[in-house]
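Structure, as structure tokens:
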């Protein structure tokens, strides 16, 4: 062992690592020459989009790659080479000196053992301790990661834990043996923002408790900005920029990094921040061209870029930590170019000045006290109701012509149920749905069919929303055919639609799997536009896409809205996107709308504690602001919609209820359900449902 | 505009499946053999001197020779002509029955899974009822009723007792498939339900259905052989591999063993080949199967 020396020696040193996989189409070069060092106690962020090789490289460090992978280069942990060791040798290091936190906490825990047993097992494998001592340690660890009633919860099975709690248990397991290095592979990607804020807090705790270095792999630049000391940006299996967080974020010297930062909608500045989408898609890793892999998408491409791939070299002085792999990084450095200088800015921001006032425009969608309850039934033959899930519990909103309403909330808040009710066009259990002036309660079959022409939907997952067995032409023809458009007209319309969404008409004969995620989402949008609808329901249309692709789709949606005078119901959990695209926003919590109003009013001065917490939980891709922020961390998880708290539904997690109110005032929260009340001026339609609503500029205190 | 780089072009699904299938030489061999069986069964008699109705009074109980490839029976029938005629029946029964059985399973299963509710419960009850009925016995009892009429009824009956388990699998696949977003997309466009089933649900389980059909081919051939062996099913003067084996099983082990071995061995080889094709198809259609990737 060479540890415990006073000179800083790298804990982990990866040198020229390359990993490739044989496949049907040819050899996939997943990682091509990755080098990095992690010092003890340091946090290194590795950022990249899917397919950039970031996860594969960390699996290589752990020795967890499938056997068919070809690995070359060197991985030294505390000076000892890790590559080429047997699985048995690696096992004594894995989970002991190096541990890993995976993205999906559900599949990372064994469903048939209790959480306590699994953590105790991790302890016992590497240490000679009794079963009893190991279990005690498990309880201690669970308490450390913030699981309430740890003794009791240690005896619970993974399915009894929520997603956030499972991830906490994973972290407890990762730090069980006081590791020197923790590799966290997208640890918060599968979680809601408020839970993500909790988990990042726990990771801070874990780091302080063990003093371990952390390699944080993520696609979320916001998470990196606040958490990491140094960052490496990967593209097509290669590091393209690396350096201290501030250098990479504020002085990016590689066009890809610039584009990535420029394509993120900003929560704190909203529409004032122009989005600079990166055109095109990440390259296939099978037949990489000889030049810079980013050059086909790079606006700064010059002739040399297509010939030779640039090396990762220090930007300013030799030996300096900030390096970039770009032939023109010197030029970017010299002129101090930003994303707006390099990438074309899409002018998609519409002027709202010449529009009629909101009250005078007709409503395209109106919900009045919409209720959707699901009965919980038991028994196969003798069915009896044992409870009710209050999925949507009396929400009212309206969308005027030409308007975008953002509907936001965490998973389980009822957003999906709401749009399914709207799209189903059936009479709701209670309340009213009026689509384009037609009340769904009294609508006949043919009338409903006609309304379907006027309203369409774009789904979240571009992989699941297109039938994989159908060529694009058939997919786009389906709505046309269903609504009786003659065949001669159809093919013309299909070509037109493909052009509208930025695809080539020749693509019509291809199958969905031949397209990238962003292109498929465009096809989904084309299908939704086929019948020239008035209202588009967008169910998280960009959240499944890679960061660099998102901006393009967002800008496309903006453009289409103006071109075809569409109205959008935009459902999302990503508030930055909502701020950028929406005119108005409605925040949902446990089946109720807690705050609604003009998007800038709500985001600048949120009145409901939940909106405040939600806004505060979202990491900003800006290291200075991110470090300066005071974060509101919500307690616990979303309560079950089958058993909502009495009075105000948010009170069990409310920071105001817990910290600011006295017992007398709490009575009201417990006893009385708050209704939406107007905030701000009398002519404002900003409303919040809180007894003690009070504007608090969550984002302001960091913006200035 | 999003230019598509040249290297992002992929092979179509069909071509990919074909390529993966062709890489399994056993499956290709199986397919070749099945084709060969067909060619012999249907074209063979045209080029062969003897027909299955013809008697050769000059040779009874002759061992295989140049004149009679598979020898002759004690009545002077040519064994090769009989076997080919039997094979025609068996192949048709296997193929028609398999398509019929998989077709019923697909429609019943998908309808039950898609509509859920009472439709589902009724169809599940029907499936469970048919599962507990002894199909073999019922066909055996019914066979005198339509004796002498077309043997196609017999194919229908065989298929009718074959589809239930597949239908249950199709139903559960439909249950998960109908929650996929492209099904919702079609529904919200206003596409009628039956069109959604035919256009979206069934094509998305085609790999399973194809595999099920190939497996059914061999099991139906065997079921027919079993029934015919016991004297039900295909009745004389019609011939199937089953009746042939029934007529000659006592010859096994004697000097006239060829009378039994030729049809029996051919039957085994035929079923084996169909299974090889099915295996190959399954692996070729399943993108997760690790085959032929250069190591």
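The values are calculated or read from the model by the stated rules, or taken from the named source; none is laboratory data. What you are looking at is a predicted structure, and each value in this text was computed from that prediction instead of being measured. FYI the Cβ positions are ideal-geometry reconstructions off the backbone, even for glycines, and counts take in every protein chain you see.
Miscellaneous remarks
- Restricting A:394, A:387 to residues that are more than 9 Å from every other protein chain (Cβ to nearest Cβ), more than 28 Å from residue A:585 (Cα to Cα), touching a strand residue (DSSP E or B) at 6+ places or on another chain (Cβ under 7 Å) and assigned to a strand (DSSP E or B) narrows the list to A:387.
- Subset of segment B:160-201 (residues that are at pLDDT 90 or above and within 20 Å of the chain's Cα centre (by Cα)): B:163, B:164, B:165, B:166, B:167, B:168, B:169, B:170
- For segment A:248-296, the set of residues classified as in contact (Cβ under 8 Å) with a residue 60 or more places away in the chain, within 14 Å of chain B (Cβ to nearest Cβ) and within 17 Å of residue A:545 (Cβ to Cβ) consists of A:277, A:278, A:279, A:281, A:282, listed by residue number.
- When B:183, B:245, B:239 are checked against the criterion of being within 12 Å of chain A (Cβ to nearest Cβ) and surrounded by 18 or more Cβ atoms within 10 Å (Cβ to Cβ), a single residue qualifies: B:183.
The rows are residues; the columns are (1) exposed (fewer than 15 other Cβ atoms within 10 Å of the Cβ); (2) touching a residue at least 12 places away in the same chain (Cβ under 8 Å); (3) touching a strand residue (DSSP E or B) at 6+ places or on another chain (Cβ under 8 Å); (4) outside the structural domain of residue A:251 (by TED's automatic domain parsing).
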site: A:606; (1), (2), (3), (4): no, yes, yes, yes
site: A:611; (1), (2), (3), (4): no, yes, yes, yes
site: A:615; (1), (2), (3), (4): no, yes, no, yes
site: A:656; (1), (2), (3), (4): no, yes, no, yes
site: A:667; (1), (2), (3), (4): yes, no, no, yes
site: A:683; (1), (2), (3), (4): yes, no, no, yes
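- Residue match in segment A:478-495 (condition: within 11 Å of chain B (Cβ to nearest Cβ), farther than 21 Å from residue B:184 by Cα and not in a helix (DSSP H, G or I)): no
- Elements of type helices (runs of 4 or more DSSP H) in segment A:86-128, at least 1 residues being over 32 Å from the mean Cα position of the chain (by Cα): A:87-93, A:115-126
- Selection status of residue A:143, buried (at least 21 other Cβ atoms within 10 Å of the Cβ) and outside any loop (DSSP other than H, G, I, E, B): no
- Criterion applied to B:228, B:219, B:240 was being within 21 Å of residue B:155 (Cα to Cα) and out of contact with any helix residue (DSSP H, G or I) (no Cβ under 8 Å at 6 or more places or on another chain), and the one residue passing it is B:219.
- Put simply, of A:399, A:419, A:433, A:475 the only residue that is in contact with a strand residue (DSSP E or B) (Cβ under 8 Å, 6 or more places away or on another chain) and within 11 Å of another protein chain (Cβ to nearest Cβ) is A:419.
- Matching residues in segment A:446-455 - criterion: being facing chain B (nearest Cβ under 7 Å) and touching a helix residue (DSSP H, G or I) at 6+ places or on another chain (Cβ under 8 Å): A:452
- Test result for residue B:139, within 14 Å of another protein chain (Cβ to nearest Cβ), touching a residue at least 12 places away in the same chain (Cβ under 8 Å) and surrounded by 15 or more Cβ atoms within 10 Å (Cβ to Cβ): no
- Those residues of segment A:461-472 which are within 11 Å of another protein chain (Cβ to nearest Cβ) and crowded, with 21+ Cβ neighbours inside 10 Å, in sequence order: A:462, A:465, A:466, A:467
- Residue that is in a strand (DSSP E or B) and within 29 Å of the chain's Cα centre (by Cα), where the choices are A:55, A:35: A:35
- Residue match in segment B:95-104 (condition: in a helix (DSSP H, G or I) and farther than 17 Å from residue B:154 by Cβ): yes
- Looking only at residues in segment B:191-215 that are within 14 Å of another protein chain (Cβ to nearest Cβ) and over 18 Å from residue B:112 (Cα atoms), the one that is surrounded by the fewest Cβ atoms within 10 Å (Cβ to Cβ) is B:207.
- Options A:257, A:194: the member that is part of a helix (DSSP H, G or I), in contact with a helix residue (DSSP H, G or I) (Cβ under 6 Å, 6 or more places away or on another chain) and on the phi < 0 side of the Ramachandran plot: A:194
- Screening the candidates A:311, A:350, A:320 for the property of being modelled with pLDDT of 85 or more and either surrounded by 13 or more Cβ atoms within 10 Å (Cβ to Cβ) or not assigned by TED's automatic domain parsing to the domain that holds residue A:403 (or both) yields one hit, A:311.
- When segment A:527-548 is filtered for residues that are assigned to a loop (DSSP other than H, G, I, E, B) and more than 25 Å from the chain's Cα centre (by Cα), the ones remaining, listed by number, are A:530, A:531, A:532, A:533, A:534.
- Search result, residues across segment A:496-516 that are in contact (Cβ under 8 Å) with a residue 60 or more places away in the chain and either facing chain B (nearest Cβ under 9 Å) or under 14 Å from residue A:465 (Cβ atoms) (or both): A:516
- Checked against (1) within 14 Å of chain A (Cβ to nearest Cβ); (2) out of contact with any strand residue (DSSP E or B) (no Cβ under 7 Å at 6 or more places or on another chain), residue B:188 meets all criteria but (2).
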